[in-house]
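Here's the structure we're looking at; comments come further down.
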């Protein structure tokens, strides 16, 4: 791992706003099939590689289709990922399209958060 002057290493957690925590847990755990992530014994979200997608049920923060910064998930094949998401009943917000060297699309989670996905062509 490359050393940085401040010791910054990698993205560890991305927090996503949710309005219905149980529905979001079903979406990420059952629909997407991601393994659970824990802090101690507390279930805090789901693992995606080395990153925790943390689900935050907080009335002060609401889900959005325009998160800033935008979250993009790397996939082996974006077109196959889109087909798999559709087969699981996931709403595709932006069908996969080619952008230079990448195929890119997006979907909405159970709470209305938009997540992007891509793969190299």
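Within region 44-64, the set of residues being surrounded by fewer than 13 Cβ atoms within 10 Å (Cβ to Cβ) and closer than 18 Å to residue 110 by Cβ comprises 58, 59, 62. Of all residues in region 1-50, those satisfying the criterion of being within 18 Å of residue 90 (Cα to Cα) and free of Cβ contacts under 8 Å to residues at least 12 places away in the same chain are 22, 30, 33.
I'm trying to understand the selection: among the residues of region 94-110, which are assigned to a loop (DSSP other than H, G, I, E, B) and either touching a strand residue (DSSP E or B) at 6+ places or on another chain (Cβ under 7 Å) or free of Cβ contacts under 8 Å to residues at least 12 places away in the same chain (or both)?
As a first pass, look at region 94-110 and keep what is assigned to a loop (DSSP other than H, G, I, E, B): 100-101, 109-110.
Of everything in region 94-110, those that are assigned to a loop (DSSP other than H, G, I, E, B) and either touching a strand residue (DSSP E or B) at 6+ places or on another chain (Cβ under 7 Å) or free of Cβ contacts under 8 Å to residues at least 12 places away in the same chain (or both) turn out to be 100, 101, 109.
Bear in mind that the values in this text are calculations on the coordinates, not laboratory data. Remember, predicted model here, so these are calculated numbers, not experimental data. Methodologically, a virtual Cβ is constructed for each residue, glycine included, from the backbone with ideal geometry; neighbour enumeration extends over all protein chains shown.
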